[in-house]
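Student: Submitted below is the structure of interest, expressed as structure tokens.
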Amino acid sequence: MTEVTITHRVAGAFSRIFGYSGSTITVTATAAHRPRDVAIVLDYSGSMNNESDLWNNESYLGTENNSSNNSDPLFPEFGPYKQTYSPLAKLQCTSSDPRVGKCNISQSANGVSAMVNDFYKNNRGAAAAAAFTPAAGGITNLLSGGDQYFNVLGSLTTPAKNWKEITGSAAVGFTGYVAFNGYTEGPGYWGKTFFIWPPQLAAASDWRKKYFMLPGGVSPSFGGVCNDNRALWDSTGHWNDPAGKYVINYKKILKWIKAAPSPFPTQLRAGRILFYSSIPADVPASAYDHTQPNSAIANADQRFWKEYIDFTIGVWRDPMGNIQHPGNPSCSYGPDFTCGSATDGAGVQITGPDANDPLGRSYVAALDNPLRPRHRLWFGPMTMIQYMLDTGLLPGTAHDVSMVAAKLGVQGALQDIQNNHPNDMVSLIMFSRPNYTGEASEAGEFNEAVVDLGRDYSGMIDALWFPPNSSTADVRPWDANGLATPRAHGDYTGNTATGYGLRVAYNQLSGSSALRSAGAGGWGRKNAQKMVILETDGMANTATNAASTNSGAYNSYYNIRASDAFTASGGSASQDALDVATRICALDSDTAGLPGFSTPRKTAKIHTLAFGSVFESTAEGAEPASAVSFLQQMSTIGATTFPASASDPTNGYKWCIGNLSQRQSKLQTAFSTIMDSDISVILVK
């Protein structure tokens, strides 16, 4: 509040004739900043972590889509991975296109530290001890640890793609690998794999027979070891899904994972989350049935490892019941590739069951030659962190390329609001896909505001990094607190429910006592100006069916409390978000739907901020233009402006693009500019 007093002496030219020397006039005016209720709505959808992925799977990347995003110079170049032999392997990113991120899972990129450094193996409260360490120095790009691939007979440089090339003739039997170890270890943080082709001859060492079984009974009484390549691969050499084809032998794979050299610690924690407290010996018998939901596994350690094994094999079953495969946004480590050719599928052959080799031993055919796995079947820190990225399990403290820049920018903005806008109250809202009624609990998150409307700035900053209720005890990945971890959601389904995030904002701005009693908002002040700041990296793709309760101005709300039922809608997700924005900005006397928060003298406003590579000038396809149009429509409803480009002299600051440090700085500047320029002053006296 500011008070100004002006005193002015007036000397009249003719007043002295009548005995007056003049007069003094004093005027006092008192003005105050109108308090604001501000809802900060942040996009935490699955696409917000794409830049850290090992593989690119986004349409806006155009010609750069379906390519490696791995920036680490340590990667296998032995056997089928030899670049000059298998040009389709492509295990390292070579693009300098600004649309393409640089994966920082195993090495720092774009000024963001490597995520392998974000995980620990110590007990809670003990001195920090890094969870992951790279392979020994003797293991390099050209020389693996453990088992070595054979070359073509008579060659020192050309890898063999089948055992006929090893022996020189299908009439000469393959005698197996010398001093067989049962694993091949990669450089850096690749970990180890049991996959090698051709497999070792003896049944006890043949990875197909050891780690996979043919179906044939009720778990765990299976039909026997996998002795038929057609169970694992289809006729084109692509990996099959388990149901009706094979059964994963989790017990033996877990034993192999724990055996030296093991790339994993005995326990794993990060960001106040205990991901696992031990590597189990097995999973429940019922979990061998791959059609069963993973949520049925009660033990958190067993569930974590069962899901990680499935993901690394390339057959992870998501909470919606669908199986996700490599080479998709939901499994971003690249599809299998053709060995020894630049033509996809060239030379692939799959036959079965095993027949007798020339020495009379049961074995694969001499020319059998499946596609080769890029990251599939490599068990190590790289695929474990990618598993967390794609399934929505990453800790909030991880240096995920996009998210860490956004969080640091918002953190700076919150500190600025705290220092410079004492009359304002703020709510922190994150959105991805909510947990819709009837869905598995892990299918969604952020059903309510992370921090209710108020001035709890330390709580808001803490909530950017840690799950709730985790300051005194670890949370587990799938408990209620773990599911509320501040991270991008899994990319296995539509999860940009922008309209839902705006519904949460409406309830935060409302003054409804019903919301307050439900712990779902209702702290809005009737005379405060209302403002929403929406940050997003793209388009809405999930609409919401939710009822509403019209209890008059400032007391109405959407029925999205914990006790309410609401579902995903098949309608337009963009229109759903625009409809909710229209309700927020409607007059408080509006009778067309829920009353809004505008009056003829104070308009509710919505500011939109673009964040991420989809808004870069080089982005291709229809998505960038659609995203800009969506933000412009939203801003028009919200009585603000979102410009057509970052070069706009007035509002270009709303394009938070560029490298990571630029995005962070621009996001903080954008929040500060909005908060400083949108101050409403009212005259009190």
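Student: Looking at Gly571 and the list (1) open to solvent by 10 Å² or more (accessible area, probe 1.4 Å); (2) within 20 Å of Ser677 (Cβ to Cβ); (3) not in a helix (DSSP H, G or I), which single condition is not satisfied?
Tutor: All conditions are met except number (2).
Student: For the range 125-145, how many residues are over 26 Å from Ile196 (Cα atoms) and surrounded by 12 or more Cβ atoms within 10 Å (Cβ to Cβ)?
Tutor: The total comes to 2.
Student: So how many residues does the range 425-453 have that are out of contact with any helix residue (DSSP H, G or I) (no Cβ under 9 Å at 6 or more places or on another chain) and either among the polar types (S, T, N, Q) or not in a loop (DSSP other than H, G, I, E, B) (or both)?
Tutor: 3
Student: (1) assigned to a strand (DSSP E or B); (2) farther than 22 Å from Asp43 by Cβ: which one isn't true of Asn469, the others all being true?
Tutor: Only one criterion is unmet by Asn469, namely (1).
Student: Separate question: Select from the range 370-412 the residues that are more than 19 Å from Lys666 (Cα to Cα) and assigned to a helix (DSSP H, G or I) and list them in ascending order.
Tutor: Answer for the range 370-412, where residues must be more than 19 Å from Lys666 (Cα to Cα) and assigned to a helix (DSSP H, G or I): Pro381, Met382, Thr383, Met384, Ile385, Gln386, Tyr387, Met388, Leu389, Asp390, Thr391.
Student: Same structure, new question: If we scan the range 490-498, do we find a residue that is surrounded by 23 or more Cβ atoms within 10 Å (Cβ to Cβ) and among the small types (Gly, Ala, Ser)?
Tutor: Yes, there is a match, as at least one residue in the range 490-498 is surrounded by 23 or more Cβ atoms within 10 Å (Cβ to Cβ) and among the small types (Gly, Ala, Ser).
Student: For residues in the range 357-379 being out of contact with any Ser or Thr (no Cβ under 6 Å at 6 or more places or on another chain) and open to solvent by 30 Å² or more (accessible area, probe 1.4 Å), which is modelled with the highest pLDDT?
Tutor: Leu367
Student: Among the residues of the range 172-185, are any of a type in the set (Asp, Glu), under 31 Å from the mean Cα position of the chain (by Cα) and in a loop (DSSP other than H, G, I, E, B)?
Tutor: No - not one qualifying residue is present in the range 172-185.
Student: For the range 1-103, please list each of the strands (runs of 3 or more DSSP E) lying entirely inside it that holds at least 3 residues being modelled with pLDDT under 90 and over 30 Å from Ala670 (Cβ atoms).
Tutor: Once the strands (runs of 3 or more DSSP E) in the range 1-103 are filtered for at least 3 residues that are modelled with pLDDT under 90 and over 30 Å from Ala670 (Cβ atoms), what remains is 2-10, 23-33.
Student: Identify all residues within the range 228-278 that are among the aliphatic types (A, V, I, L, M), farther than 19 Å from Gly216 by Cβ and in contact with an Asp or Glu (Cβ under 8 Å, 6 or more places away or on another chain); write none if there are none.
Tutor: Result: Leu254, Ala270, Ile273, Leu274.
Student: How many residues does the range 436-468 hold that are closer than 18 Å to Ala565 by Cα and either out of contact with any strand residue (DSSP E or B) (no Cβ under 6 Å at 6 or more places or on another chain) or open to solvent by 50 Å² or more (accessible area, probe 1.4 Å) (or both)?
Tutor: 11
Student: Next question, about the same structure. Going by what's in this entry, would Ser629 be described as within 26 Å of the chain's Cα centre (by Cα), more than 21 Å from Asn49 (Cβ to Cβ) and hydroxyl-bearing (Ser, Thr, Tyr)?
Tutor: So Ser629 passes the test.
Student: Another question, then. All but one of (1) of a type in the set (A, V, I, L, M, F, W, C); (2) surrounded by 22 or more Cβ atoms within 10 Å (Cβ to Cβ); (3) modelled with pLDDT under 95 hold for Ala505, so report the exception by its number.
Tutor: If we test Ala505 against (1) of a type in the set (A, V, I, L, M, F, W, C); (2) surrounded by 22 or more Cβ atoms within 10 Å (Cβ to Cβ); (3) modelled with pLDDT under 95, just (3) comes out false.
Student: Any chance the range 338-350 includes a residue that's surrounded by 23 or more Cβ atoms within 10 Å (Cβ to Cβ), within 30 Å of Asn49 (Cα to Cα) and in contact (Cβ under 8 Å) with a residue 12 or more places away in the chain?
Tutor: Yes, the range 338-350 contains a residue that is surrounded by 23 or more Cβ atoms within 10 Å (Cβ to Cβ), within 30 Å of Asn49 (Cα to Cα) and in contact (Cβ under 8 Å) with a residue 12 or more places away in the chain.
Student: Taking the range 482-511 on its own, how many of its residues are within 16 Å of Pro434 (Cα to Cα) and out of contact with any Ser or Thr (no Cβ under 6 Å at 6 or more places or on another chain)?
Tutor: 16
Student: For Val172, work out the one condition from (1) in contact (Cβ under 8 Å) with a residue 40 or more places away in the chain; (2) open to solvent by less than 10 Å² (accessible area, probe 1.4 Å) it doesn't fulfil.
Tutor: (2)
Student: Separate question: So how many residues does the range 603-636 have that are surrounded by fewer than 21 Cβ atoms within 10 Å (Cβ to Cβ) and modelled with pLDDT of 95 or more?
Tutor: Within the range 603-636, residues that are surrounded by fewer than 21 Cβ atoms within 10 Å (Cβ to Cβ) and modelled with pLDDT of 95 or more number 6.
Student: Does Leu578 count as modelled with pLDDT of 95 or more, open to solvent by less than 20 Å² (accessible area, probe 1.4 Å), under 14 Å from Met634 (Cβ atoms) and of a type outside the set (Gly, Ala, Ser)?
Tutor: Taking the combined requirement at face value, the residue satisfies it.
Student: Right, here's the next one. Applying the selection to the range 541-557, what residues are aliphatic (A, V, I, L, M) and open to solvent by less than 10 Å² (accessible area, probe 1.4 Å)?
Tutor: Matches in the range 541-557: Ala543 only.
Student: Given the conditions (1) part of a helix (DSSP H, G or I); (2) farther than 26 Å from Pro319 by Cα, and given that Leu367 satisfies all but one, which numbered condition is not satisfied?
Tutor: (1)
Student: Looking only at the range 89-124, count every residue that is within 21 Å of Phe264 (Cα to Cα) and surrounded by fewer than 22 Cβ atoms within 10 Å (Cβ to Cβ) and tell me the total.
Tutor: The total comes to 11.
Student: Within 15 Å of the chain's Cα centre (by Cα), open to solvent by less than 50 Å² (accessible area, probe 1.4 Å), of a type in the set (Lys, Arg) and modelled with pLDDT of 95 or more, is that true of Arg433?
Tutor: Criteria met by Arg433.
Student: If you don't mind, another one. Any residue at all in the range 513-523 that is in contact with a strand residue (DSSP E or B) (Cβ under 6 Å, 6 or more places away or on another chain) and surrounded by fewer than 24 Cβ atoms within 10 Å (Cβ to Cβ)?
Tutor: There is at least one residue in the range 513-523 that is in contact with a strand residue (DSSP E or B) (Cβ under 6 Å, 6 or more places away or on another chain) and surrounded by fewer than 24 Cβ atoms within 10 Å (Cβ to Cβ).
Student: Any idea how many residues of the range 120-161 are under 22 Å from Tyr177 (Cα atoms) and assigned to a loop (DSSP other than H, G, I, E, B)?
Tutor: 20
Residues are listed down the side, and each one gets a yes or a no for (1) in a loop (DSSP other than H, G, I, E, B); (2) under 25 Å from Cys226 (Cα atoms); (3) touching a Ser or Thr at 6+ places or on another chain (Cβ under 7 Å); (4) aromatic (Phe, Trp, Tyr):
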| position | (1), (2), (3), (4) |
| --- | --- |
| Trp256 | no, yes, no, yes |
| Pro265 | yes, no, no, no |
| Leu274 | no, no, no, no |
| Arg303 | no, yes, no, no |
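The values are calculated or read from the model by the stated rules, or taken from the named source; none is laboratory data. These numbers come from a predicted model, not from an experiment. Methodologically, a virtual Cβ is constructed for each residue, glycine included, from the backbone with ideal geometry; neighbour enumeration extends over all protein chains shown. What goes into the accessible areas is simple: the full protein's heavy atoms, side chains included, and nothing from ligands, DNA or RNA. Shrake-Rupley method; radii C 1.70, N 1.55, O 1.52, S 1.80 Å.
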